[in-house]
Amino acid sequence: MIKKIIPIILCCIMLVACGSQPVTLLDFIGEESKLTYDGRTFVVYSDEGENGINLLAYDNDQSMQADAMRNRISYIESEFDTDIELSSKGHADFDQYYITSIGSGLKPVDFFYRGNDNSLWDLADAGVLLPMTNFPDYIDLSDEDKYGTPGVLEAAMINGVPYAVQPTYWPGLQGVECCLITYNADRFQTLGLTPLHEYYENKTWTWDTFLTYCDTSAPLVSVENGEYIFSSREMYLLNMMFFANGFDFVDINDGVPKLNLFADSAVHSIEFYQKLLSYGDVVEFCGSHHDYDSFINEKAITKLALAQSLITGKIAYDSNFSYNIMPFPCGPDVEYGQWAQTVTRIFGLAIPISADDPDACAHIISELAEPFEDFGGNREGVYQYYRENVFLSELDVDIFFDVEQYVRFDYDDADLLFDYVDEIAIGAKNSSASELIQKYAPAAERIYDKYIKSNLTGYIIEHMGLE
């Protein structure tokens, strides 16, 4: 239990004893009261990294982020007389270990930080996490700057209820799962290509201008030397096209969602994907969305990449050239400037049903999620960090922050819509858009009815202003 140490506690007892109206201890807490846990230890799950147990979102090294997290944990331990013990127990088989242990009545941890995959969605689906809506006194889910947008929360949402939060203020975590087009600015200059940033600044970054780029650049690369005008994994490319054209599998009329796989926006997305296939060998399709070799080795001049690779991953550390970023271009069926953005998982904090004191855990999570003083203690400080340490230009940072408001969970890592989109991407070489949708619609319908509809009606429509 959270306890308050105050000198007037005897006053509470005397008032109750004298038959006055019922009172609580909190009625007598003043500005000078001190919140304390009397030396209690909170055991927090954290993933394994290259240097042992991670400091929650960060590798246990001497980076600016890791130092900021150390300082934050030390502050909480000192300020609230507690100890935070990080544990990676169960790391190798996370889902099975924690679903089984919690389900059998064990209490392995007080709360989780998980970012390796979308296991928190699996735990929520298994019923072993507490809803974050249980803790309004500590966690304000409307504070998108602190806990993530509704589209981010959707990645750990069951029946319209969020079961995890993602600390937006943690540098390197914001937008980490976003897919962005990155381009080799040095090669663009050498080849005499129009920098893609100009399309963004001129408000003309559409599928048509992307095809103009493809037509202009295709004759300039050498297929014999293994060069490409664009590189991506098939499924992620098609998925981004769906969202970039305003298709997210449903139509919403008067707040009521209805599955509409045959929407014009879906058909047009598949047809645009087929246009890119027609460019043949100058477009590279990778087996993994983590395959950045051709871009790093300056063979591919543009790449659909996870932001993580640009912030703390391979592109950030292994590239020896200047690169800029762009949102995915807007399709013809969507309002210009509503940039497509999807996430496959949440980098989240969550509380198990086995927690001894869930309110105390929610309070510690709230303290952890506050802006780091090491980065200015506000959103502007995080922005400045990206400007000085991550991206090449201020426009890159503006783009990065702009696209995050449109983030939606794509129900991929939870093995939901992955097969549907993947099968269409594979079959697009030999079948029409309508034929592909007809063939794979039954699987998507089952997933929609079981998971997506309840999230839309229970949370997403209201909180994202969808119509």
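What the table below lists for this structure:
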item	result
Cross-link partners of Lys314 among aspartates and glutamates (Cα-Cα below 13 Å; sequence separation of 8 or more within a chain)	Asp291, Asp293
All-pairs Cα distance distribution in segment 107-196, expressed in whole percent, bin size 10 Å	14, 39, 22, 11, 10, 4, 0
Computed helical MRE - 222 nm, the chain, DSSP H runs ≥ 4 contributing -39500 (n - 2.57), nearest 500	-10500 deg cm²/dmol
Heavy-atom surface of segment 333-375, accessible at 1.4 Å and reported per residue (Å²)	28
Over 26 Å (Cα to Cα) - which of Lys275/Lys453; Lys203/Lys275; Lys107/Lys146; Lys258/Lys439 fall in this group	Lys275/Lys453; Lys107/Lys146
Euclidean distance between Cα centres, segment 171-240 to segment 341-412, Å	26
Label-to-label distance, nm, for residues given as Ser432 and Asp93 (7 Å Cα→Cβ offset)	5.0
In range of the label at Lys439: residues from segment 271-311 whose backbone nitrogen is under 19 Å from the point 7 Å along Cα→Cβ	271-278
Net lengthening on full extension, Lys450/Asn225 (0.36 nm per residue, minus Cα-Cα)	76.2 nm
Heavy-atom accessible surface of the chain: percent carbon and sulfur, 1.4 Å	47
Computed P(r) (all Cα pairs; the chain; 20 Å bins; percent)	23, 52, 21, 4, 0
Net dipole in debye of segment 69-127 [+1 Lys, Arg Cβ; -1 Asp, Glu Cβ; about Cα centre; nearest 20]	80
For segment 45-65 versus segment 258-289, the gap between their alpha-carbon centres in whole angstrom	37
Fraction of beta bridges assigned by DSSP in the chain that are antiparallel (%, nearest 5)	60
Charge dipole (debye, nearest 20) of the chain; +1 at Cβ of Lys and Arg, -1 at Cβ of Asp and Glu	480
Solvent exposure, largest accessible area first (probe 1.4 Å, DNA, RNA and ligands not counted), of Phe401, Phe285, Phe242	Phe285, Phe401, Phe242
Nitroxide proxy distance, nm - points 7 Å out along Cα→Cβ at Asp83 and Asp357	1.5
Inter-label distance for Leu211 and Asp402, nm, one decimal - labels placed 7 Å from Cα along Cα-to-Cβ	2.3
The chain, relative contact order [Cα under 8 Å, separation at least 6], %	22
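The values are calculated or read from the model by the stated rules, or taken from the named source; none is laboratory data. For clarity, every value in this text was computed on a predicted model and none was experimentally measured. Note: ideal-geometry Cβ built from the backbone for every residue, glycine included; neighbour counts use all protein chains shown. Quick note on the areas: whole protein, heavy atoms, side chains included, nothing else; ligands and nucleic acids left out. Shrake-Rupley method; radii C 1.70, N 1.55, O 1.52, S 1.80 Å.
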